[in-house]
Amino acid sequence: MASCKDPRPANERLIPMASEGFLPIAVSAFVAVYLGALGFGVTALFFGAVTVFLAFFFRDPERETPEQAGVVVSPADGKVVEVGVVHSSEFGSDEALKISVFMTVFNVHVNRIPFDGRVAEISYHPGKFFSANLDKASRDNERNAVTLEIEGGRKLTVVQVAGLIARRIVCKVHEGERLKRGERFGMICFGSRLDVYLPSDTRPAVAVGEKVLAGVSVLGHLT
């Protein structure tokens with residue numbers, strides 16, 4: 001897994017784009033120019049369009065994260081597809097509030113940390129590649145779970161779930177590392193979902209069908 005985390009302050013980032021996009025964009029642009037120079041106009045235009053799409057897909061805009069105490073922010077851009085209490089999961093036997101966000105290929109795909117905490121555990125689970133908007137994707141698909149120990153010794157888990165098209169989960173944080181709410185920590189290429197498991201007494205602030213932005217939209221309030 002490669003890193004998507006940019007340690008530089010926001011004002012030092014010259015290009016608002018995830019670093020994973022640099023190579024595919026450069027290759028696609030080179031092919032477009034090369035084919036154009038050889039006179040293959042239609043094919044060159046195709047690769048030009050691919051270059052534009054890749055630049056759009058790997059965009060990484062700056063975000064202002066809410067600073068209010070107790071708010072949990074969305075780890076992903078997309079649409080909320082599930083909000084509800086689960087009585088058990090592979091990430092613990094206790095009840096948890098589960099909120100799931102589905103991303104299409106048109107959403108920003110850089111993932112952000114929902115809440116301040118220390119990385120207690122990172123677990124990768126191989127699996128299938130069902131469409132990520134299906135409930136069974138949380139259980140059966142390839143996924144990577146980052147569990148944070150947050151205030152009061154409680155746990156919060158954010159799970160990157162691969163989808164039908166998504167075949168690459170990017171995450172490079174380390175157990176024991178302290179992370180801040182809204183901080184970049186990974187991405188998924190291309191299109192997928194993120195599941196967030198919160199303490200069961202968390203007050204949800206979103207409903208199914210709502211659109212959310214990573215690092216900005218409030219998913220819930222810790223009590």
Given Glu90, Glu149, Glu177, Glu142, which one is under 17 Å from the mean Cα position of the chain (by Cα) and acidic (Asp, Glu)? Glu142
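For every residue, the table says whether it meets (1) at pLDDT 85 or above; (2) under 13 Å from Ser100 (Cα atoms); (3) touching an Asp or Glu at 6+ places or on another chain (Cβ under 7 Å).
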position: Phe130; (1), (2), (3): no, no, yes
position: Leu134; (1), (2), (3): no, yes, no
position: Gln160; (1), (2), (3): yes, yes, no
position: Leu164; (1), (2), (3): no, no, no
position: Gly176; (1), (2), (3): yes, no, no
position: Glu183; (1), (2), (3): yes, no, no
position: Met187; (1), (2), (3): yes, no, yes
position: Leu198; (1), (2), (3): yes, yes, no
Does Pro126 satisfy the criteria of being without any contact (Cβ under 8 Å) to a residue 24 or more places away in the chain and closer than 21 Å to Cys189 by Cα? yes
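Out of curiosity, is Ala137 aliphatic (A, V, I, L, M) and either under 18 Å from Lys79 (Cβ atoms) or crowded, with 23+ Cβ neighbours inside 10 Å (or both)?
yes
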Matching entry among Gly163, Gly182 (being assigned to a loop (DSSP other than H, G, I, E, B), crowded, with 19+ Cβ neighbours inside 10 Å, touching a residue at least 24 places away in the same chain (Cβ under 8 Å) and out of contact with any helix residue (DSSP H, G or I) (no Cβ under 9 Å at 6 or more places or on another chain)): Gly182
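For region 20-35, give me each residue that is surrounded by fewer than 17 Cβ atoms within 10 Å (Cβ to Cβ) and not aliphatic (A, V, I, L, M). Steps first, please.
We begin by selecting, within region 20-35, every residue surrounded by fewer than 17 Cβ atoms within 10 Å (Cβ to Cβ); these are 22-24, 26-27, 30, 33-34.
Within region 20-35, Phe22, Pro24, Phe30, Tyr34 meet the criteria.
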Of the conditions (1) closer than 24 Å to Pro16 by Cβ; (2) without any contact (Cβ under 8 Å) to a residue 40 or more places away in the chain; (3) in contact with a His (Cβ under 6 Å, 6 or more places away or on another chain), Arg168 satisfies every one except a single condition; which number is it? (3)
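Looking only at region 71-128, filter to residues that are of a type in the set (Phe, Trp, Tyr) and within 23 Å of Val173 (Cα to Cα); which one of those is modelled with the lowest pLDDT? Steps first, answer last, please.
As a first pass, look at region 71-128 and keep what is of a type in the set (Phe, Trp, Tyr): 91, 102, 106, 115, 124.
Still in the running and within 23 Å of Val173 (Cα to Cα): 91, 102, 115, 124.
On the way: Phe91: 71, Phe102: 93, Phe115: 96, Tyr124: 88.
This residue is Phe91.
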Is region 198-206 home to any residue that is surrounded by 15 or more Cβ atoms within 10 Å (Cβ to Cβ), farther than 24 Å from Thr104 by Cβ and hydroxyl-bearing (Ser, Thr, Tyr)? yes
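The values are calculated or read from the model by the stated rules, or taken from the named source; none is laboratory data. Since the model is a prediction, treat every value here as computed from it, not as a measurement. Here Cβ is always computed from backbone atoms with ideal geometry, including for glycine, and neighbour counts include all displayed protein chains.
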